[in-house]
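Asker: Okay, handing you the structure first.
The values are calculated or read from the model by the stated rules, or taken from the named source; none is laboratory data. The structure presented is a predicted model; accordingly, all values stated were derived computationally and were not measured. Note that we place each Cβ from the backbone using ideal geometry, even for glycine, and neighbour counts take in every protein chain shown. We work out accessible area using only protein heavy atoms, side chains counted, and drop any ligands, DNA or RNA first. Shrake-Rupley method; radii C 1.70, N 1.55, O 1.52, S 1.80 Å.
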Amino acid sequence: MTKQKILMCAPDFFGVDYVINPWMNEGLHKTNSLHARSQWANLKRFLEQHAELKFVEPQKGLPDMVFTANAGMVLGSTVIVSRFHSEQRRGEESPFKKWFEANGFTIAPWPTDIEFEGAGDALFDRGKNFVWTGHGFRSSEKAAGVIESIFKRQAVQVKLVDPRWYHLDTCLCPLPDGYVMYYPAAFDEASQKKIADHVPEEKRIVIGEEDALKFACNAVDVDGIIILNDASTELQDRLRRIGLTPIITSLAEFMKSGGSAKCLTLKLIES
């Protein structure tokens, strides 16, 4: 089995310097850089035991660049570089593009007028050959069709309706063997039905608001472990029953910006 590669960005310039989601309202100018560096280092330490880590250079003035999940969407050697919804993040597009080019990826053409925020809103299902795509806050509803044309994968599109869960990866997490962990209330009724239609009941890990507010779905799994900011004992036990070992590590500083473990990572090997 090929060892996973994961892209990260050090939090040298991380902070909540503006507001583009509800979490940032309370976190504005309240981050502790020392705590952020320590928490990011802990995440890095757990990941590097199971994956090969790659790093993109942080850029001053781009505090959210630490959230590399939003850099783009990778399949094989091809990458779609994000077209950010928020003006505050559009400066990230160029350094991410340069990193992908320098590391041998082919940049897929993408319409300049269609917003798309990478692996924040596009997640490969681990049981079937399709992509979950989210829209409603950051990525355009039109993004799904372009993804299908580039990657030749069906896009199963779902709509987000609660601004606290503004990216798909904050409320839905595909897991090995076709399991999907998700928070139903983050989606409209039609999307909840779509998830149920595509995932057998025994493969659905439904979480409640308590775990959703801990960003339990914003988890990263690799090599049999799953890293979460926090999760209830019940949820951790459920994850163990499907063969995953939960690792809880606080990412409280990044939660002030509306991000957690998944947001801080981008898997570079998807097939």
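Asker: Somewhere in segment 63-73, is a residue open to solvent by 40 Å² or more (accessible area, probe 1.4 Å), on the phi < 0 side of the Ramachandran plot and not acidic (Asp, Glu)?
Answerer: The answer is no, given that none of the residues of segment 63-73 is open to solvent by 40 Å² or more (accessible area, probe 1.4 Å), on the phi < 0 side of the Ramachandran plot and not acidic (Asp, Glu).
Asker: Could you list, ordered by first residue, the pairs with Cβ atoms under 8 Å in which the first is in segment 15-26 and without any contact (Cβ under 8 Å) to a residue 24 or more places away in the chain and the second is assigned to a loop (DSSP other than H, G, I, E, B), at least 6 apart or interchain?
Answerer: Filtered contacts from segment 15-26: VAL19/LEU28; ASN25/VAL19.
Asker: Same structure, new question: Of everything in segment 161-175, what is among the hydrophobic types (A, V, I, L, M, F, W, C) and either crowded, with 24+ Cβ neighbours inside 10 Å or touching a helix residue (DSSP H, G or I) at 6+ places or on another chain (Cβ under 6 Å) (or both)? Give them in sequence order.
Answerer: TRP165, LEU168, CYS171, LEU172, CYS173
Asker: Scan segment 3-22 and tell me whether some residue there is open to solvent by 30 Å² or more (accessible area, probe 1.4 Å) and in a helix (DSSP H, G or I).
Answerer: Yes, there is a match, as at least one residue in segment 3-22 is open to solvent by 30 Å² or more (accessible area, probe 1.4 Å) and in a helix (DSSP H, G or I).
Asker: Here is a check on your reading of the model: is ALA252 free of Cβ contacts under 8 Å to residues at least 60 places away in the same chain and of a type in the set (A, V, I, L, M)?
Answerer: No.
Asker: Something else now. Going by what's in this entry, would ALA252 be described as closer than 26 Å to PRO22 by Cα, modelled with pLDDT of 95 or more and open to solvent by 10 Å² or more (accessible area, probe 1.4 Å)?
Answerer: Yes, satisfied.
Asker: Assuming VAL158 fulfils every condition listed in (1) open to solvent by 10 Å² or more (accessible area, probe 1.4 Å); (2) in contact with a Ser or Thr (Cβ under 9 Å, 6 or more places away or on another chain); (3) over 18 Å from CYS263 (Cα atoms) apart from one, which condition is it?
Answerer: (1)
Asker: Does segment 233-249 hold any residues that are in contact with a Gly (Cβ under 8 Å, 6 or more places away or on another chain) and either in a loop (DSSP other than H, G, I, E, B) or surrounded by 16 or more Cβ atoms within 10 Å (Cβ to Cβ) (or both), and which are they?
Answerer: GLY243, LEU244
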